[in-house]
1. Taking R0 as 25 Å, what's the FRET efficiency between residue 410 and residue 524 from their Cβ-Cβ distance, rounded to 0.05?
2. Output ³J(HN,Hα) for region 540-553: one whole-Hz value per residue in order, computed from phi by the Karplus curve 6.51 cos²θ - 1.76 cosθ + 1.60 with θ = phi - 60°, and x for Gly and Pro.
3. Provide the gained length on full extension for the span residue 476 to residue 367, in nm with one decimal, where the gain is 0.36 nm per separating residue minus the Cα-Cα distance.
4. Applying a 10 Å radius around every beta-carbon, put 248-258, 416-426 in order of their mean neighbour count, most first.
5. Hey, got the dipole for region 244-335? About the Cα centre, +1 on K and R Cβ, -1 on D and E Cβ, debye to the nearest 20?
6. For a quick check of your reading of the filter: which GluC sites (Glu not before Pro) in region 563-625 sit in a DSSP loop and have no more than 13 other Cβ atoms within 10 Å?
7. Working out 0.36 nm times the residue gap between residue 607 and residue 296, then minus their Cα-Cα distance, what length gain in nm do you get to one decimal?
8. When only DSSP loop residues count, what trypsin sites (Lys or Arg not before Pro) in region 557-620 have their Cβ near at most 13 other Cβ atoms within 10 Å?
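Each value in this text was obtained by applying a stated rule to the coordinates, not by laboratory testing. Only a predicted model underlies this, so the values are computations on that prediction, with no experimental measurement involved. Using ideal geometry, Cβ is built from the backbone for each residue, glycine included, and neighbour counts are taken over all protein chains shown.
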Amino acid sequence: KCPACTLDIAEDSLSCPSCGAEVDGAYAETRILPDDSKPRSGGEHSREGKSSAPSARSRTHATSDSLEGARFVAGTILNERYRVVGLVGRGGMGEVYRAEDLTLEQPVALKFLPEALSLDGAALARFHREVRIARQISHRNVCRVYDIGEYEGARFISMEFVRGEELSSVLKRFGRLPSDKAVEIARQVCAGLAAAHDAGVVHRDLKPGNVMIDENGNVRITDFGLSGLIEEFGGGAALEGTPEYMSPEQLAGRELTARSDIYSLGLVLYEIFTGRKAFSAPSLADLLRLRKTELVPDSPSSIVKEIDPLVERVIERCLAVDPKDRPASALQVAAALPGGDPLAAALAAGETPSPEMVAAAPKQGSLRPALAIALLAATLATLALTLFLSDKVLLHRIVPLDKSAQGLKERAVEVARKFGYDAAADGDSGFFVHNDYLNFIRANDKSPNRWERLKTGRPVALGFWYRQSPRRLVPFNRQDVTAADPPHVIAGMAGVSLDARGRMINFYGVPPQVADNQNAPPAQFDWSRLFTEAGLDVADFKPTEPKWVSPHPYDQRAAWEGHHPSQPDSPMRVEAAAFQGKPVWFTIVNPWDRPTRQEQAEESPGEGMIQAFFVTIFFVILLGAALLARHNLRRGLGDRKGAFRLAAFAFTLEMVSWLFAAHHVSDVGGEFVLFIESLAWTLLGVGRGASSPGTDCSRAASATRSSVATFFSARSSASA
C-alpha cells in the first residue's frame, strides 16, 4: 500500500502511480519521531497528540493524478497578486504551488500550511519561525524567502521559485555523480550552509531532498521549516527531522550546534560521492534501531574503490560521533575537498578570509628562498644606512638638546613664576619646529654647510613650548592641548617658549579682567629681566619704536633692535609689553616672521588644489565604502561578523589610545565632552575602515581626523 494515499500498488513499484509518493523512502520525510524512540529522563514527559505514523501527505512531486487533491486549481488569483500555475509538491509542512507575482511579473513559489494545521498554534509558530529565520540568510546557494501572507484563513510564504529538481531526484536518476560534478555540488552546499551558520542558524533537516539543483546546475538549500537560531536549541529540543540524516545528538535529543549540521552534511556528501545512503533500512523502526546500534556507516572506499582519499577523509571527519571531532565549519569542509582553496572557500561563503586561511592557501607565486633572503638583507641594509645617516638629516640630531623635556618644563615653570604667574591648576608642553626659519635658510643660503648654523640654537629651529592655566585646559579639538588651543583668554594664563638650551624666546601672560588701582600711574617695568631670561644683554640692543602689538592688554610697551649674539649677520627685533608691573608679552622677531594675525595666509594654487584633492578623496572613499558595503550585503557577500570584529578591535584600540594620549581633566563635564567628541570621531573612522577594503582599521579614526585637519592647519601649525 502507498504510505500516503493507502492505494494498493505493485511490490516492485518505486512510487505511487496515484499520488507520486516514494514507496521505498516512506520514512525519508521530515517527521516527528515516535514517542517510544525518544530518550526519556525523569524530568521529561511525552508529547501528547503526536502521531508516529507517516503523514497522509508525504513529501511528493505533483502528478496529473495528484492535482485532483490540490487546494487551488491553476488560474486561481490569490490576494489580487498571485496567479496559481500549479501544485509543485507536498511536504510535512504543507503544499507548495508555483505562481506568478502579478505585481512584480516574476514566478514565485507559495508554500501553504495544511488546512488541519492552520488552527494549530504550534504549527503557526513554526510557520512564522521559518520565515523569520530564512529571511536572515542571504546567499546565492540558499533559496530566498520574500514574504508571508494569508488567503481565506490559509497561511503561506512567498519565496523564490527555483527551476530545477531536488538533489535526491538527481541521485535517484543518475546514482553516483562524476567526481568533478560531485565536488562542485559539495562546495556549493558547504557555501550555503556556511551562510546559514554565519546568521546563527542551524538547519536541522539538511538532506538531498532539501537541496535543489537549478536549471544552471547551481545548488540552492531550501526548507528551513525545522531550522532555528543556535541559541534556541537546548537539550530535548532536537526530536524532529529526517531520521536517515539526523546526527547522533539529534537522535538522542541532546543540544544542537552548527556541528550537528556538519554531520548531516557528511551524510549528504556520502550519498553524492557513493550513490548510496549511509544508513538504510526497510522500515522506520528498523532504521531507528540501526542508527542506535551502528554509529559509523561503511567506509566510502568499500563502496567506491576509486574514491579520492581526500573525499573519504573529509566525510569520515564529518561523520565523527563526537561533535568536537568534526570540522568546525562548513568552510573547513569545503577547503578539505580535492583542490580545496581556503581563500576560495571563504569567498564562496561571502566571508573575509582569516589569517589562518591565508596561511593555509596554496603557495603558488611565493618567493624563492634565495630571493627572500636577498630582499631581507636589502631591507636590513637600508635600515642600517638610515640609522647611520640620521645624524646628518634629523633635526634633533643637529640642534643641541642640552636639557631633557622635563628639564625644559621645569625651566619654563620657573620663568612663569618669576614674572608673577604661579597659579597653575593645569598645564601642558611639547616641542615645535620653526619651519619658516628652515625655509628661509633653504631659500637664502646655498652653501654646503648652511645647516651648521642650527647648532648654535639661535635663531630657533627646534623649540619647546609650555603653557599653564588657573583652570583646567579643555582644548577645542577635544584631544590634545596645543600652544594655541585652548585660546589664551583666561586671566592668569601664561606661556613660555624656550630654545633647546632653555633660553626664553617667547612669553605671554593674560592680565586680569578687572584691573586694580586704575587711577594709579603704572609702575615702570624692568625690561632687563626679560632679556636675562632670554640669555641676552639689553646693552647690546638699541631701543626703537614698537611696531608689533601685544595680543593682550598692556599699559607699557617697548622695542629694541640688534643681532643674534652667535650670528652677527642675523638681525633680530625684540618686542615686549607689560600691564600693572607684570609682563604680558615678549617675543623675538626675525626677518622671516610675518604678522599672521593681520595678513591673509598666502596659499599657492598648487596648495589649494592639493587640499581640494585630499578632501575629495576622503569623501569618495567614504561614499565608495558605503556603496560597496550595500552591494555586498545585497548580494550576500558581506562578512558582517568579520567587519564587526575588525571594527570592534579598531574601536577598542582607538579608545585606549585616546585614554592614554588625550589631555584629561578632573572636571566631570569637561571630561564627558572630551569622551563624546572622541567617540564620534572613532565611530566615523572605524565605520569607514570596516567597510573599506584595504583600510588599516587600527588607525582608521586617527586617519579620518588627520585627513580633514592636517591640510587646513599645516600653515598655522608651522608658524606656531
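1. Values: r = 30 Å, r/R0 = 1.21.
Once the sixth-power term is evaluated, E becomes 0.25.
2. 3J(HN,Hα) across region 540-553, in whole Hz: 7, 10, 9, x, 8, 6, x, 10, 8, 9, 4, x, 10, x.
3. On the way: separation 109, 0.36 × 109 = 39.24 nm, distance 5.04 nm.
Full extension from residue 476 to residue 367 adds 34.2 nm.
4. Numbers: 248-258: 19.5, 416-426: 16.5.
Ranking, from highest mean packing down: 248-258, 416-426.
5. On the way: 12 positive and 14 negative charges, 27 e Å.
With Lys and Arg at +1 and Asp and Glu at -1, about 140 debye.
6. On the way: sites: 575, 599, 602, 603, 607; in loops: 599, 602, 603.
Counting only loop positions with at most 13 other Cβ atoms within 10 Å, the GluC sites (Glu not before Pro) in region 563-625 are 599, 602, 603.
7. Working: separation 311, 0.36 × 311 = 111.96 nm, distance 7.33 nm.
Here the segment from residue 607 to residue 296 would lengthen by 104.6 nm.
8. On the way: sites: 557, 573, 597; in loops: 597.
Hits after loop and neighbour filter: 597.
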